[in-house]
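Taking it in order: structure first as structure tokens, then the write-up.
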Amino acid sequence: MRFAEQWSWCTLESISDVAPMIREFRLRPDGGVAPYPAGSHVNVAVLIDGQPARRSYSLVGDRNPHIYRIAVRLAPDSRGGSRAMWHLKPGARIEISTPASLLEIDWNRRNYCLIAGGIGITPISAIAGALHRRNVDLRLHYAVKSRGEAAYLGELSALLGDRMIVHASDARERIDLDTTFRTLPPDAIAIICGPMRMLEAARRAWNEAGRAPADLRYETFGSSGLLPTAEFRVRLKDCDAELVVSPNASMLDVLNDAGFEVMSDCQRGECGVCAVDVIAVDGEIDHRDVFFSDAQKQGNRKICPCVSRAIGVVTIDTLYRPEATPRS
């Protein structure tokens, strides 16, 4: 069960590699490009092992009146979406949703700190372009394993010049989040997109710097976790059902397919709409959301089934109860 969204067809116009493991897809929608704010994403319908699924990808760069640009990192530890996308060929027909944004950005500030980790550069590139045109104080920190793996490095260097700082871990140029946040002007807002470990470190550094929590905006990857992506089982309170969640599926999809309807919205671990109660854990939960605080995650009382996973068995209560069969 999901809030309503509009879907339409598009044609995959072209494909290009923008980094060794990152491929850009240029999509031409049948009805033209709809207006959307910087930092938006589209949901894409894909087939994984012959089964329909959906994946979310951020829109790259400035808005083009004819084309949507998305970039997909081929991730061996993903749930299969990147492999499905990489198998596509130009001319393929794809169904996508209308662009939407979960990043509520205050565009009236004078100071912005943008941080991207790896493929997280995709929404950040669009936000950087929008801020550049507003002539505000802007810094972009781009964290990558190496400069050779940095997608859109040339495009962003031409746009931002020395306002972009590349942090390549192979050159011992790791970003110092504590110093970065403590030296920001008081009215600065930080916008970050990257893997889970980066987001958790950023939240801790932001809080320790004494900055307003609302001034840190972030987006994450649905496949970004602290534990390996593996099969696990879900048991339902007050019934005999035990469901298997394969590495290619989300807990949310498995619950809904089995008739235990769970309402959801973002399906990216950011809104908390799909959160369900955890009754017991025989193993370990891998909280991949950015909705719950560190303390809430340690308490293991709730889980966001759209992105979070587990090792072992998790018993939950979705609060869904089938309607009683009327007596004849």
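Nothing in this text is a laboratory measurement; each read-out follows from the coordinates by a stated rule. Note that the coordinates shown come from a computational prediction; the quantities given were computed from them, not determined experimentally. Backbone-built Cβ (ideal geometry, glycine too); neighbour counts: all protein chains shown.
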For this session: Return the distance in nm (one decimal) between the two label points of a simple spin-label model at SER146 and ASP49, each offset 7 Å from Cα along Cα→Cβ.
Result: 3.3
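What percent does the relative contact order of the chain come to when contacts are Cα pairs within less than 8 Å and at least six residues apart? Intermediate results must be reported in sequence, preceding the final value.
Numbers: 687 pairs, mean separation 48.3, N = 328.
Relative contact order for the chain comes out at 15 percent.
Calculated from DSSP H runs of 4 or more alone, at -39500 (n - 2.57) each and per residue, what is the 222 nm mean residue ellipticity of the chain, nearest 500?
Numbers: 7 runs with 59 residues, N = 328.
About -5000 deg cm²/dmol.
Among DSSP beta bridges lying fully in segment 137-253, give the percent that are antiparallel, nearest 5.
On the way: 4 of 13 bridges.
Within segment 137-253, antiparallel bridges account for around 30 percent of the total.
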For this session: Can you grab the distance from the C-alpha centre of segment 7-83 to the C-alpha centre of segment 92-107, Å, no decimals?
Result: 10
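What share of Cα pairs, in percent, lie more than 14 angstrom apart in segment 224-270? Could you put the intermediate results ahead of the total?
On the way: 602 of 1081 pairs.
When every Cα pair of segment 224-270 is considered, 56 percent fall beyond 14 Å.
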Exercise. Hey, could you pull the Cα Rg and Dmax for segment 7-97, both in Å?
Worked result: 12.4, 35
For this session: Using label points projected 7 Å from each Cα along Cα→Cβ, tell me how many nm separate ALA258 and ILE67, to one decimal.
Result: 4.4
For this session: Could you work out the per residue convex hull volume over the alpha carbons of segment 111-219, in cubic angstrom?
Result: 95
Problem set entry | Kirkwood hydrodynamic radius over Cα pairs of the chain, then Stokes diffusion coefficient at 25 °C and 0.890 mPa s, in µm²/s | 117
Seminar exercise, completed: Ignoring trypsin sites (Lys or Arg not before Pro) buried by more than 16 other Cβ within 10 Å or outside DSSP loops, the longest site-free run in the chain is 1-108
Exercise. Among TYR68, TYR152, TYR112, which one moves the most in a GNM of the chain with springs linking Cα atoms closer than 10 Å?
Worked result: TYR152
For this session: Using every pair of alpha-carbon atoms in segment 197-316, split the distances into 5 Å bins beginning at 0 and state the percent of pairs per bin, rounded to integers.
Result: 2, 11, 22, 24, 19, 10, 6, 4, 1, 0
Exercise. What lysines sit close enough to LYS297 to cross-link, taking a C-alpha to C-alpha distance under 24 Å and skipping anything fewer than 8 places away on the same chain?
Worked result: LYS237
Exercise. Under a GNM of the chain (C-alpha, springs under 10 Å), which listed residue has the highest mean-square fluctuation: CYS271, CYS306, CYS239?
Worked result: CYS239
Seminar exercise, completed: Rg from C-alpha atoms of segment 43-173, normalised by the globular rule of thumb 2.2 N^0.38 Å, equals 1.16
Seminar exercise, completed: Sorted by chain and number, the residues with a modelled amide H under 5 Å from that of ARG54, at a separation of 5 or more or across chains, are VAL46
Problem set entry | Separation between Cα centres of segment 131-157 and segment 275-318, rounded to whole Å | 34
Problem set entry | Considering only the chain, percent of DSSP beta bridges that pair antiparallel, nearest 5 | 65
Problem set entry | Added length on full extension, which subtracts the Cα-Cα distance from 0.36 nm per residue, ARG110 to SER157 | 14.8 nm
Exercise. For the pair GLU173 and SER8, how long in nm is the line joining their label points, each one 7 Å along Cα→Cβ?
Worked result: 4.0
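Taking 0.36 nm per residue of separation and subtracting the Cα-Cα distance, what length does fully extending HIS132 through ASP30 add?
Details: separation 102, 0.36 × 102 = 36.72 nm, distance 3.04 nm.
Gain on extension, HIS132 to ASP30, equals 33.7 nm.
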